[in-house]
Amino acid sequence: MQAVDVVLLTKNSEHLLDKCLASIFESVPVNNLIIVDGFSNDGTMEIVNRVKQKFGNVKVLKVDGSRAKARQRGIAQVTTELFMFVDSDVVLCRDWYRKAQRYVDKDVGAVWGINIDVIPNVKDKRIIKFQSLIARQCFGLRGGMHDTLIRRDAVQGIEIPEELHAYEDSYIINWIKGRGYRTVIGDDIYCLHFKAPGNWSLQNGVSQAIIEFRCGLIYSHMVEYMFYYPFFMFYWFVQFALQGARSFSSH
């Protein structure tokens, strides 16, 4: 298999980073792992240094700023024809890259693996299927970079607005489409998204919604997506409610 660069954005990611990196090296032929770190102050860099000692092909960039700035810096370091964005709070499915290759064609600029939010202790297959459907709808409306294989030529010349701390993923997807490439959702590739424990709070949910709303106003293309917010807010509320109920029942 053709080796690819992997760009991984991190900031205080110690809660899952070991498992995330293990899944990358198990499922992807890594040319270079490009870590773009937002000056973590937890155990993130200790984990990164252990992986660097083990594999060697790890580059670390320190970037203070938005996710847009971090992704832009990561793209600038890519040297392979295809590369991946992987978020630091996901675990890739087995054989992610081998499966993704089936979707790569000359007119395909990006292949996205379905993002499934993991709600602790919730294993009902109906809920997981519902999450998969919601994730597809989200990607169709605003894109995503959780686990995405990208053709480097498809992002040539891109300059992501630095103020986008959200919707930078949508900007990338629309740039790719603007260059005449298709974006594809892989039916059999996915990642499991494990939110940090502190993210399971109403306060954090509201904070994230405010960030998305502000960035949506900056990035006018996302005004259409914002009309869907009542539905997605209901979905997020259900997630929080399920997590809260499970946490209560475990005590």
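Taken together, the values in this text are just the output of simple stated rules run on the coordinates, not laboratory data. Since this is a predicted model, take the numbers as computed values, not measurements. For neighbour counting, all protein chains shown are included, and Cβ atoms are generated from backbone atoms with ideal geometry for every residue, glycine included.
Extension gain, Lys52 to Ala3: 0.36 nm times the residue separation minus the Cα-Cα distance gives 15.9 nm.
With the Cα gyration tensor of region 4-197 giving a ≥ b ≥ c as the square roots of its eigenvalues, does the rule (a/c under 1.5 for rounded; else a/b larger than b/c for prolate; else oblate) give rounded, prolate or oblate? In terms of gyration-tensor shape, rounded. As a calculated quantity, the FRET efficiency between Phe25 and Arg179 at R0 = 22 Å, using C-beta atoms, amounts to about 0.10.
Taking the Cβ-Cβ separation of Gln77 and Leu133 as r and a Förster radius of 41 Å, what is the calculated FRET efficiency to the nearest 0.05? Walk me through the numbers on the way to the answer.
Numbers: r = 35 Å, r/R0 = 0.85.
In this case the efficiency is close to 0.70.
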